[in-house]
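Chemist: Questions regarding the structure given below will be posed in turn.
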Amino acid sequence: MRSLLIAISGMTVLYSFSDGEGKQWFVEQCAATGQGVWVEGKLWALVFSPLLHQSLFNLVFSGFVLWQFGAVLERWWGSKRFLFFVIVTGVGATAVGTLLDSFVMQGVPIIGMSSILCGCLAAYGVLFAEQPISLFGVMPLTGKKFAVGFVVLLSVSALSSGRWSDLAAYCFAVGFAWFLTKRRTKKQHNTIYWN
């Protein structure tokens, strides 16, 4: 978890302190688009795009959510399983989003770890559905309600701005998280231990 947050922070700091040409280079080389990944062959963008954030506010918010909910999942699953989960929800969701982008030809890059956050919150909502969460110390919610609300908020944001590739990435991440957690809970009779 710490290594992931350091990598994300490093990429964002490098991007933030770059001049105009440096920022353009980051977007061209590290931001995943359908054209860049599937036509130009910039497959490395699938890995670097989830690590890149365009604003420090986005970085702080994403880091907080990952630290708050990802840490719980990492303790539950273990570091290796959590890393596998993050890689699949980050790289896999970006691949699905760019694949859709190559068909709809929007050319909008998928940047940031929103798909990883969607996956983490969906997994948290399945594994800890009745766990109480106090949103800003005021609004009491259960894990399931918080996860559903957050995913719906991101999806509505993507739909209202017409970013179909982002929506496809979110759907992949949530579907993978649900599949992974539901499959394990059914297989082991509501007890999840990965050895």
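Chemist: Of all residues being touching a Phe, Trp or Tyr at 6+ places or on another chain (Cβ under 6 Å) and over 26 Å from P109 (Cβ atoms) in the range 53-75, which is surrounded by the most Cβ atoms within 10 Å (Cβ to Cβ)? Just the residue, please.
Modeler: My answer is L73.
Chemist: Just give me the residues in the range 129-160 being in a loop (DSSP other than H, G, I, E, B) and modelled with pLDDT of 85 or more, in sequence order.
Modeler: Passing the criteria: A129, E130, Q131.
Chemist: Determine, yes or no, whether G78 is surrounded by 13 or more Cβ atoms within 10 Å (Cβ to Cβ), within 29 Å of L180 (Cα to Cα) and not hydrophobic (A, V, I, L, M, F, W, C).
Modeler: So G78 fits the description; yes.
Chemist: Mind telling me which of the residues V104, V88 ends up being within 18 Å of Y170 (Cβ to Cβ) and more than 18 Å from the chain's Cα centre (by Cα)?
Modeler: Exactly one residue qualifies, and that residue is V104.
Chemist: Can I ask one more? With (1) surrounded by 14 or more Cβ atoms within 10 Å (Cβ to Cβ); (2) over 21 Å from V108 (Cα atoms); (3) among the charged types (D, E, K, R) as the list, and K42 as the residue in question, which single condition is left unmet?
Modeler: Single failed check for K42: (2).
Chemist: Also, quick follow-up: Restricting attention to the range 37-58, report how many residues are within 20 Å of I116 (Cβ to Cβ), out of contact with any Gly (no Cβ under 9 Å at 6 or more places or on another chain) and either at pLDDT 80 or above or part of a helix (DSSP H, G or I) (or both).
Modeler: 6
The values are calculated or read from the model by the stated rules, or taken from the named source; none is laboratory data. Quick caveat: nothing in here was measured; it's all calculated off a predicted structure. Quick reminder, even Gly has a Cβ in these numbers, built from the backbone with ideal geometry, and neighbours come from all protein chains shown.
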